[in-house]
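Heads up, the thing below is written out as structure tokens.
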Amino acid sequence: MKFRKMALPLIMVTLGVNLAYAKKEPKYEQMHQLTPEQSALVDKAVAREKIIIKNIQQRTPLVETYIQEMKPDEKLWQIPTGDTYMLNRVDFRKTFTDKPYAARSDKGHGFFKGSAGAFASIGKALHLDKETYNTDGFTQMMFIDPIGFDQQHYVFSYVRREFLGSVRTWEFDVHPKVSGNGRFYGRVWIEDQDGTVVRFNGTYTESQSEDNNKEYFHFDSWRMNMQPDLWLPVAIYVEESQRVEGGKTVGLRAQTHFWGYSLTLPTRESENVSVQVEGAVDQSADSQDVTPLQATREWVSQAENNVLDRLVQAGLLAPPSDFDKTLEQIVVNLAVPNNLNFPDPIHCRILLTTTVEATTVGNTILLSKGLIDTLPNEESIASVVSLELAHIALGHHIDTRYAFNDRLLFPDESSFQRIKMNHSDNDNAAAAKSAITYLQASMYKDKLANAGLYYSQLTDRSKALKQLNTPKLGDSMLKADGTPWLADLWKQAPKLNQDDTTQVAALPLGSWLKTDPWDDKEHMLNAKRYAPMNARDKMPFEVTAIYYKLQRYDDAAKNPAGAPAAGTPAAGQAAAPTAPPTGGTN
């Protein structure tokens with residue numbers, strides 16, 4: 001698959017595709033002449049596009065792409081058959097280059113060894129020719145056409161006005177004036193105040209000689225107003241459902257998310273990267289003696305704080321959020337009836353990755369966004385929390401070598417390899433046994449079959465979604481043989497029934513939380529919830545379409561609590577049958 005490879009700031013396209021004009025006119029439908037007002041707005045959009053490119057050049061965001069290969073299914077329309085995951089820190093300052101977050105190698109997952117390995121891995125997963133496919137293409141869908149987006153190279157046809165959330169936009173259909181590889185063909189949404197393209201939807205064209213578009217995917221690219229007068233890419237959805245390969249109809253869905261725009265790269269390329277923590281608070285108590293046990297706990301706490309700070313700096317861990325308090329209430333619901341008297345408070349934080357995983361760092365429980373998003377109810381969340389709470393109660397703490405700050409002085413992209421946070425199989429087995437005991441004594445004891453359904457669904461899809469269940473920092477919910485650590489819950493669960501719309505075993509990705517792409521904070525979706533109407537609405541663990549209710553930055557700052565939710569599930573997406581978990585004491 002061919003995608004454009006850019007060099008910024010020159011914005012030169014080298015993609016291995018020919019951008020020279022073709023000799024013959026493309027066969028596009030007749031476009032309507034623009035009015036002077038419409039033409040002026042298009043000219044503003046052309047100018048704003050150049051400003052957006054300059055703003056992007058100053059950023060080094062994290063870019064996460066998760067791809068699911070799909071095949072037709074008579075009952076469910078499509079089901080996933082395989083998946084691929086990549087996480088990069090992209091530096092736009094000098095050239096379009098990425099720095100893959102290499103996976104830990106101690107368990108042999110072989111995630112990425114470098115950019116070349118990442119490209120080959122994605123290409124193989126998509127059954128595309130490695131010589132013509134460039135995975136940068138998923139990221140490059142954040143640009144319409146970095147060197148030729150104007151009325152000299154494209155024809156614009158006005159469609160209508162439409163609100164995307166509270167932002168009023170003008171829609172235009174767009175196609176190149178002459179054919180050639182790599183030119184945009186689709187629709188753009190231009191906001192009416194400054195003329196910024198806030199959404200574009202379509203594909204890139206091939207040469208006139210091609211009968212079908214075999215080299216480029218269709219995509220839907222969104223931007224968000226993150227700071228005053230600053231619109232930046234936030235997410236891209238890719239979907240192909242009618243591709244024919246080897247005589248078989250195959251498809252794919254993919255989401256690319258951007259976050260960490262306020263992060264900056266180290267000033268030098270070195271293994272000796274400094275860690276700076278702002279807003280540190282003196283938590284020392286009055287001078288007093290401590291016992292050896294207390295000293296040991298303080299040492300573990302120092303390692304914990306060092307690791308948490310480093311993960312936030314690397315863009316892998318969200319800063320503290322209101323949702324953390326919801327999780328911590330569930331901790332109380334489990335700890336009180338089980339007489340777990342921890343000497344220090346137990347905290348909860350959210351890993352920003354889509355992968356389904358969890359772990360502990362000292363007295364802090366870490367759950368991934370992908371895990372939380374797919375859990376359908378409070379008892380399911382409680383089951384995961386109980387497993388991690390058991391690790392803390394049993395003393396399965398992080399390696400205390402991280403209490404020495406110099407052990408965390410490495411580039412961000414080495415975080416998966418340098419920070420060991422996963423537990424051993426023996427520790428996981430012991431924690432699972434205690435977790436069941438905690439749950440049976442808690443307020444969730446009568447709903448554990450519902451939690452078991454989640455692990456049944458996870459097990460059912462584990463072979464197809466291997467990358468989703470491959471942890472990058474912590475522990476998988478599944479053993480190496482594909483069975484859940486909490487097998488006792490799994491055995492209590494009723495049989496999965498696709499036709500039973502009241503049985504929601506797991507949710508699609510993106511069902512609970514949204515990440516602020518500027519500061520990495522996590523927020524609950526402010527979305528109306530709908531129960532599934534049929535089996536196709538359930539979509540457990542699946543990638544779905546993306547739809548944002550956009551806001552201007554000033555409007556969001558004035559009313560953050562009541563603001564429409566970005567990342568609201570698309571129409572027809574399955575949602576939790578109950579309200580978001582709120583917790584409560586037993």
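Charge tally for ASN377 (other residues, Cβ to Cβ under 15 Å; Lys, Arg +1; Asp, Glu -1): 0.
Paramagnetic label reach from ASP73 (point 7 Å along Cα→Cβ; backbone nitrogen cut-off under 17 Å): within segment 315-358, no residues. Annotation for GLN440 and SER262: the two label points, set 7 Å from Cα along the Cα-Cβ direction, are 4.7 nm apart. Compute the FRET efficiency between ASP289 and LEU394 as 1/(1 + (r/R0)^6), taking r as their Cβ-Cβ distance and R0 = 35 Å, and round to the nearest 0.05. After rounding to 0.05, the efficiency reads 0.80. Apply the a/c threshold of 1.5 to the C-alpha gyration tensor of segment 335-398 and tell me whether it is rounded, prolate or oblate. Because a/c hits 1.5 or more and a/b fails to exceed b/c, segment 335-398 counts as oblate. Average accessible surface for segment 303-354: 35 Å² per residue, computed with a 1.4 Å probe over protein heavy atoms with every protein chain in place.
For the pair HIS32 and ASP519, how long in nm is the line joining their label points, each one 7 Å along Cα→Cβ? Distance between label points: 4.4 nm.
Counting only other residues whose beta carbon sits under 9 Å from that of ASP192, what net charge do I get with K and R as +1, D and E as -1? My count for the surroundings of ASP192 gives 0.
The values are calculated or read from the model by the stated rules, or taken from the named source; none is laboratory data. If you're wondering where the values come from, they're calculated on a predicted model, not measured in any experiment. So basically every Cβ, Gly included, is an ideal-geometry build from the backbone, and we count neighbours across all protein chains shown. We work out accessible area using only protein heavy atoms, side chains counted, and drop any ligands, DNA or RNA first. Shrake-Rupley method; radii C 1.70, N 1.55, O 1.52, S 1.80 Å.
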